[in-house]
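The values are calculated or read from the model by the stated rules, or taken from the named source; none is laboratory data. These figures come from a predicted structure and were not determined experimentally. Areas reflect the complete protein model, heavy atoms only, side chains present, ligands, DNA and RNA absent. Shrake-Rupley method; radii C 1.70, N 1.55, O 1.52, S 1.80 Å.
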Amino acid sequence: MKAGLVAAICLMVGMIVAASFTMVERSAQDKMIQVLEGKISDLEGQIADKERQMAANEKTAAALRADVKAQDAQLAELRFECGHLKAELLSAQQELADARAKLPQPKPEPTAARSSPTSPQGADDASITVYRTRTGSKYHRAGCPYLRKGAISI
């Protein structure tokens with residue numbers, strides 16, 4: 001009988017130990033489930049935030065596409081106007097060239113008949129001072145506009 005009693009006690013102790021392991025295991029599983037449910041809740045919140053951001057970005061993108069279309073239309077109009085103005089410019093330049101061509105050309109005076117406005121009547125050519133610019137090789141008389149920046153007398 002003692003052996004039966006010991007066997008029964010051992011059996012009950014085994015069942016209690018097994019039950020406590022099951023309870024510990026169940027408690028660990030419950031904690032794991034709570035942690036996973038928390039992660040799922042956080043992820044669902046992040047997804048909702050990202051979906052709101054995507055909706056806002058889609059609205060912004062649609063507005064920007066509309067702006068691009070409007071800018072493209074303005075650009076096409078400006079290109080057309082620029083082409084028209086270039087055609088007008090060419091026409092005006094041609095008219096100017098034609099008008100200049102119709103003007104009578106001045107006839108050059110003979111060199112002996114020329115008189116210098118800066119030299120008095122009857123002065124010797126040897127007494128006339130001529131100048132050249134710093135970089136030039138041509139000769140100029142006093143008062144010539146080419147000598148504004150400096151002149152070297154010769």
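Some observations on this one:
- Largest first, the residues MET23, MET54 sort by 1.4 Å accessible area into MET23, MET54.
- The length gained on full extension between LEU85 and ALA63, counted as 0.36 nm times the residue separation minus their Cα-Cα distance, comes to 4.6 nm.
- When the Cα gyration tensor is reduced to axis lengths a ≥ b ≥ c, the ratio a/c is 1.5 or higher for segment 1-107, and with a/b above b/c it is classed as prolate.
- All lysines inside 27 Å of LYS102 as judged from Cα atoms, apart from same-chain residues fewer than 8 positions distant: LYS86
- Of all lysines in the structure, those lying under 24 Å Cα to Cα from LYS50, and not within fewer than 8 positions of it along the same chain, are LYS39, LYS59.
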